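Below is one structure, written out as structure tokens; comments come after it.
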Amino acid sequence: MDVLIIGLLLGGTYALMAMGLQLQYGVARIMNLASGETLVCGAFAAVWFFTAFKLSPLLALIGIVPLAFVANWAIYRYMMLPLVRRAKSQGQLEVDSILATFGLSFMAIGILLAMFGGEFLAYSYLAEPFRIFGQPYALNRIVAFLCSAVLCAALYWWLHHTRAGLTLRAVSVNPSAAGLVSINVARTSALAFALGGAVSASGGALLSMFLTFDASLGVIFTLKALVIVIMGGVGDIRGAIVASFILGLTETAVATYIDPGLTLAAAYILFIVILLVRPEGLFGRRPS
């Protein structure tokens, strides 16, 4: 029961991280290898707000989310959009975006090291037990899960019940056809990329409530986000949520029954198995 509950709490928080990359890759067609660094920036910002101003990481989201949105919009507008315009195919765009964001991730790491140093950063917030079925669990994990669930539900509702969300889904399905019905594909892609960055940063802020971070951890979270997106199916928010729970449960089971140091290896093995068995993902469609 402990493994199940802790795995669900962790997976629910992972969902925000994955939905951020899902928006950037599924809609904007940018394979963002700096997604993990965006998450780490959100975590570091939460640490800074808490230590400098004694501000709750939940309240810090009010500042973190818009800052991340603006920063990612600028990245797309001035760095990614020229690559999109010159790409002659989706394959070329993916290669160019991988190379560009790979370099961007190193820039982000350098900036974080210059600002915060190389030590691990953490803080104590709601670090007290809360009983579920008679067993104590960390309250910060539970609060992070609940906040993640609310944000995921709000994003899902927005995507499926608003005109702007319909526009994003149309571009995700077929950018060329979306352009034929007067949808500004470039503007919509910029919105998706910026929104994805804001979602990833908020996930980092919530994870910082119970995890320890340093500047180099971004690549690990990028790998986990990729595993979740590919497992769930590119462009499918439902798949990202389900896959997040699967990864959270897998990591918790491996850490509990085998060795905590093998959780990343388990995620990587899961990634390889998905690519071999069902590369289109749990909710993806097989190519006809």
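Can you give the charge dipole size of the chain about its Cα centre, rounded to the nearest 20 debye, using +1 on the beta carbon of Lys and Arg and -1 on the beta carbon of Asp and Glu?
In total the dipole reaches around 980 debye.
Taking the Cα centroid of the stretch 109-123 and of the stretch 53-82, what is the distance between the two, rounded to the nearest whole Å?
The stretch 109-123 and the stretch 53-82 have Cα centres spaced 18 Å from each other.
How high is the relative contact order of the chain, in percent, counting Cα pairs under 8 Å that sit 6 or more residues apart?
39
222 nm [θ] for the chain, helices only, -39500 (n - 2.57) per DSSP H run of 4+, per residue, to 500?
My calculation for the chain gives -24500 deg cm²/dmol from helical runs alone.
With 10 angstrom as the radius, rank ARG163, ARG169, ARG141 by how many other C-beta atoms surround their C-beta, starting from the fewest.
Fewest to most other Cβ atoms nearby, the residues stand as ARG163, ARG169, ARG141.
Going by amide H atoms built from the backbone, whose H comes under 5 Å of the H on GLY235, apart from near neighbours?
When sequence neighbours closer than 5 places are left aside, the close amide H contacts are GLY26.
Within the stretch 96-129, what residues put their amide N at less than 16 Å from the label point 7 Å along the Cα-to-Cβ vector of LEU264?
What the label zone holds, given the 16 Å backbone N cut-off, is 106, 109, 119-121.
What is the fewest-to-most order of ILE246, ILE30, ILE272 by other Cβ atoms lying within 10 Å of their Cβ?
Fewest to most other Cβ atoms nearby, the residues stand as ILE272, ILE246, ILE30.
Name the residues whose placed amide hydrogens come within less than 5 Å of the amide hydrogen of PHE213, ignoring near sequence neighbours (fewer than 5 apart) on the same chain.
The answer is LEU121.
Whole angstrom only: what separates the Cα centroid of the stretch 215-284 from the Cα centroid of the stretch 1-37?
A separation of 9 Å, based on Cα centres.
Taking the chain as a Gaussian network, where each spring joins two C-alpha atoms under 10 Å apart, which residue of GLU94, GLU128, GLU251 fluctuates the most?
The residue with the greatest mean-square fluctuation here is GLU128.
Sorted from fewest to most neighbouring beta carbons within 10 Å, what does the list SER244, SER172 look like?
By the 10 Å Cβ count, ascending, the order reads SER172, SER244.
Where a number appears in this text, it was derived from the coordinates with a stated rule and is not lab data. Since the structure is predicted, the reported quantities are computational estimates derived from the model, not experimental observations. A quick note on method: Cβ atoms are made from the backbone with ideal geometry, for glycine too, and the neighbour counts reach across all protein chains shown.
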